[in-house]
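Notes to accompany the following structure.
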Amino acid sequence: LTFPALALAADWNIDSLMRGLAKHEGGRARFVETKTIALLDKPVVSSGELNYVPPARLEKRILKPKHGIMVRDGGNLRLERGKQVFSIRLSEQPEALAFVDSLRGTLAGDKAALEKNYKLRLSGTEERWTLDLLPDDQRIAAFVVRITFGGSKNRVEWIRYLQADGDSAAMTIEALDGK
């Protein structure tokens, strides 16, 4: 490596990742999520679209295998599956808020929000990075062991969740609008 290349590598840190993510204008993406659940013989695969409008609106529209919608807008989370609709005031469910805000906080590049509940650990380079969120709060750690985001520059390309009960999920994300 030349001296300028070493200097650029030294400039890559959590703050620079968060600044890059914060500049992202949101948009639509296709996702495929594979959940491994101990009680089931085989993984559950779902797919659909994500729509993120910075800083606080995140919509997950599940198209396969069954239609469903999850919308985080401000302090509320709404879940729809068929004719069933559930609303959760996230301020009344701190564990759910921390889990949902891990995604929103990462997409928004909101380091302060992430550090309220997680220790952050970044590895890799700007071209291929991995960000681990490790719960700081025991109430959250009772549900989640680690959440890992991976991507390139200011784009999240995949997410992995490892729950305390051993269940896990992996989601790949592909931008639909070139953003």
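A few remarks follow.
- Conditions (1) touching a helix residue (DSSP H, G or I) at 6+ places or on another chain (Cβ under 8 Å); (2) open to solvent by 80 Å² or more (accessible area, probe 1.4 Å); number of the one not met by residue 93: (1)
- Selected residue (only one of 127, 80 is open to solvent by 20 Å² or more (accessible area, probe 1.4 Å) and closer than 26 Å to residue 23 by Cα): 127
- Test: residue in the stretch 74-89 that is modelled with pLDDT under 90, part of a helix (DSSP H, G or I), out of contact with any Asp or Glu (no Cβ under 7 Å at 6 or more places or on another chain) and under 24 Å from residue 37 (Cβ atoms): no
- Scanning the stretch 133-154 for any residue that is closer than 21 Å to residue 30 by Cβ, open to solvent by 50 Å² or more (accessible area, probe 1.4 Å) and at pLDDT below 95 turns up at least one such residue.
- Of all residue pairs spaced 6 or more apart or on separate chains, those with beta-carbon atoms under 8 Å, a first member in the stretch 137-149 that is farther than 24 Å from residue 17 by Cα and a second member that is open to solvent by 30 Å² or more (accessible area, probe 1.4 Å) and assigned to a strand (DSSP E or B) are 143/163.
- Residue ID - surrounded by the fewest Cβ atoms within 10 Å (Cβ to Cβ), chosen from residues in the stretch 47-69 that are in contact with a helix residue (DSSP H, G or I) (Cβ under 6 Å, 6 or more places away or on another chain) and not in a strand (DSSP E or B): 55
The values are calculated or read from the model by the stated rules, or taken from the named source; none is laboratory data. As the structure is a prediction and not an experimental result, all values here were calculated from the model. Cβ: placed from backbone, ideal geometry, glycine included. Neighbour counts: every protein chain shown. Remember, those area values only see protein heavy atoms, side chains included, never the ligands or the DNA or RNA. Shrake-Rupley method; radii C 1.70, N 1.55, O 1.52, S 1.80 Å.
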